[in-house]
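The numbers here are math on the coordinates, done by the rules we state, and not lab data. This one's a predicted model, so the numbers in the text were calculated from it and none came from an experiment. Cβ sites come from the backbone with ideal geometry, for glycine too, and all protein chains shown count toward neighbours.
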Amino acid sequence: MSRATSLVSTEWVQENISNKSFVFVEVDEDTTLYEKGHIEGAITFHWREDLQDGLIRDLISKEKFEALLSKNGISNGSTVVLYGGNNNWFATYAFWYFKIYGHADVRLIDGGRKLWELKGLPLVTEVPTPTATRYVAKERDNSIRAFRDQVIASIGIKNIVDVRSPAEFSGELAAPAHLPQEGGQIKGHIPSAKNIPWSKAANEDGTFRSNEELSDLYKAAGVDFAKETIAYCRIGERSAFSWFVLHELLDLQNVTNYDGSWTEYGSLVGVPVAVGA
Amino acid sequence: MRTCGATPGGADLAGVDLANQTVIQGAVLRGGVSDGVPNGAPVDNAYVRLLDSTGEFTAEVPTNLEGQFRFFAAPGSWTVVVLAHGARAEVKVQAQQGTPIDLVIQI
């Protein structure tokens, strides 16, 4: 994958908005945004109701993913174009999700909902009524997902990238500053992790920095591209953003998203924890 | 919107544990007069960014239908940056735990 195959511009969207082979999907943290207005023809996934199992803490099953896509008119041959608020956090999480279940062609709108709004581009409130399909997902591809035991075994060995804010990394805050301060049982970070906040990969308008800037960012922070890399945050969405940067834009293999992230790690009994910058 | 007599800026803080939270909130208004009383049209599609004392990005929220936003931060110096179609504004604040900061930002 690469920037050319995974990322599209707002101009590209304007040119292709009527193409029926593209399915535009908005995924937001603030799920009321879609109702306020969305890109014409776009459907929405609710990050909690649609993309979390609900009973156990996990991704939805293959069968539920198939049902979700089928009822929303997405077929195996569809080009899925994702975007969302919050600098595409949850849209990149959905992108990672589509890759987990092996969807062939999925792309992300550079700058997401924010750039679309900052440019004053049109949003509509009409909700499309998709024609149902019979989507068939692949078995989960866990080569892009990290689990807690893999993370513990990787301390001091692989690149571990903590993409939260410096205050969360150091243990000062338990959650991002726009959320109530809840998180893992304790504060801090995984030992040997490098703190490279997701935000450093984005421009103020929500677009990604250039590949050269991104490569320099990770190298300067001590990430060795020859090694495997695990990205984590608090609940796995911001790290999906950084996973997208490393795996899709910089085209690095062996990059995983630890979606258990700090809410899991920071609640485990007996695992090593570091605090401070 | 002109909310003379009402609490300026951000949303109602009922239900927020103010004693243990450091709240920075406010409202983004367009086309009003900066006369100390909130007035103008609420900007419901602005993005508000919170930068720490070194200018490092910490958080970002979209404004709600009333143009309001809220951060749960930590005590210290912060910069609030507002991005909206055709406008950009910055406000520096000093946050304290237990005393919410309530801003009115005209763009």
query = Quick check: anything in region B:19-36 touching a helix residue (DSSP H, G or I) at 6+ places or on another chain (Cβ under 8 Å), within 13 Å of another protein chain (Cβ to nearest Cβ) and surrounded by fewer than 19 Cβ atoms within 10 Å (Cβ to Cβ)?
reply = no
ask   = If a residue has to be at the interface with chain A (Cβ under 8 Å from one of its Cβ atoms) and either closer than 19 Å to A:G84 by Cα or in a strand (DSSP E or B) (or both) to count, how many in region B:45-63 make the cut?
value = 10
remark   = Of those in region B:64-107 that are within 12 Å of chain A (Cβ to nearest Cβ) and under 10 Å from the mean Cα position of the chain (by Cα), the residue surrounded by the fewest Cβ atoms within 10 Å (Cβ to Cβ) is B:V81
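For (1) free of Cβ contacts under 8 Å to residues at least 60 places away in the same chain; (2) among the β-branched types (V, I, T); (3) in contact with a His (Cβ under 8 Å, 6 or more places away or on another chain); (4) outside any helix (DSSP H, G or I), each residue gets a yes or a no:
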position	(1), (2), (3), (4)
A:Y93	no, no, no, no
A:K99	yes, no, no, no
A:R107	no, no, no, yes
A:W116	no, no, no, no
A:L121	no, no, no, yes
A:P128	no, no, no, yes
A:A137	no, no, yes, yes
A:R140	no, no, no, yes
key: A:S170 of a type in the set (S, T, Y), surrounded by 17 or more Cβ atoms within 10 Å (Cβ to Cβ) and touching a Gly at 6+ places or on another chain (Cβ under 6 Å)   = yes
key: Counted residues, region A:132-166 - those being surrounded by 17 or more Cβ atoms within 10 Å (Cβ to Cβ) and in contact with an Asp or Glu (Cβ under 7 Å, 6 or more places away or on another chain)   = 6
Of the criteria (1) touching a residue at least 12 places away in the same chain (Cβ under 8 Å); (2) closer than 30 Å to B:G86 by Cβ; (3) in contact with a strand residue (DSSP E or B) (Cβ under 9 Å, 6 or more places away or on another chain), which one A:Y34 fails = (1)
